[in-house]
Amino acid sequence: MTEQLTEITRPKAEGYRKGRKLYLVPTFFVMADIPDEFREKVVQYWADVRDQVENLERTLTKVSHVYHESVFDGGDEGLDEIGEVNAHGSSFMSVLCRSTATLEATDHREALEESVDWQRCNGVGLISEAVRATVRESLEHATKKRYGHMAEVIDETLGAQEAGLFVVNEDHQVQFPDDIQVFYISPPSLDEIKRWVGEQMRRMIAVQEDAMRMQEEAADLPESDGDESHPGIEDDSSASEAGDLDGDSPTSEYPY
């Protein structure tokens, strides 16, 4: 069961206090060199996430375990890995892991690497249907293996009355055990990030379409007749005659 988090009233909170809980935080890849406008939105998002998680901790249960995709180790090594893949959210998770929570080795390195490689293969424009089918099946297998591993880690480490924080992309395929209550954290700043990214994609597509249209228009232009004279270029016969008068053979300005 996934609960969309807005505000949990006190009477309703009583019904959620028992059992295992998972606070699910959507994450996304952010390059180091991003516009300041987008950086501000990302910083605001993680500040909002922190506020909502702290509200859940006050209302329901404190976070005892932190799970993060692309993290293969626990402890300080795992925190370093979070810093590499999620620089803007790492400080919040570091605070959790140095107070009440334990960072768990969440992801499956081999399955993740296989998924990345098969995705690359899938994007090169394969010709053979048999090869495309092999790539699709292999990608599905690696993806299922990866997310299945995450589900096992969560199920094996999350105690009966504990709460965990799970940071993962929105397109994940993790199947949670039926006895875990999932609270989806989605502050308004997440929608702002999606709108900003969508607008940038639309602008990029528009630029590409304009470039393609210009290429097509240029290709439709009639080719110039090779027999037409060109202003500023001397007639070959005149150049030849001038060369003969000087006693030297003419030299071409255009060796190609």
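Where a number appears in this text, it was derived from the coordinates with a stated rule and is not lab data. If you're wondering where the values come from, they're calculated on a predicted model, not measured in any experiment.
Full extension of the chain segment joining D179 with E216 gains 7.5 nm, where the gain is 0.36 nm per residue of separation less the Cα-Cα distance. Our summary gives segment 2-206 a relative contact order of 41 percent, counting only alpha carbon pairs under 8 angstrom and 6 or more residues apart. Under 5 Å from the amide H of T102 lie the amide H atoms of H65, V66, each residue being 5 or more positions distant or on a separate chain, with H modelled from the backbone and absent for Pro and chain starts.
Measuring between alpha carbons in the structure, the pairs from K21/K62; K21/K144; K41/K194 lying more than 18 angstrom apart are K21/K144. Here the gap between K18 and S99, fully extended at 0.36 nm per residue and compared with their Cα-Cα distance, gives a gain of 26.9 nm.
Listed values for segment 202-217 are Karplus-derived 3J(HN,Hα) couplings in whole Hz (6.51 cos²θ - 1.76 cosθ + 1.60, θ = phi - 60°), namely 4, 5, 5, 5, 4, 5, 5, 5, 4, 5, 5, 5, 5, 5, 5, 5, and x replaces Gly and Pro. Residue by residue, segment 156-166 carries 3J(HN,Hα) couplings of 7, 10, 7, x, 4, 10, 9, 10, x, 9, 10 Hz when phi is fed to the Karplus relation 6.51 cos²θ - 1.76 cosθ + 1.60 (θ = phi - 60°); x denotes Gly or Pro. Radius of gyration over Kirkwood radius for segment 2-206, both on Cα atoms: the Rg/Rh ratio is 1.00.
Taken one residue at a time, the phi angles of segment 95-107 give Karplus couplings (6.51, -1.76, 1.60, θ = phi - 60°) of 4, 4, 6, 9, 10, 10, 10, 10, 7, 9, 5, 9, 8 Hz. Gly and Pro are set to x.
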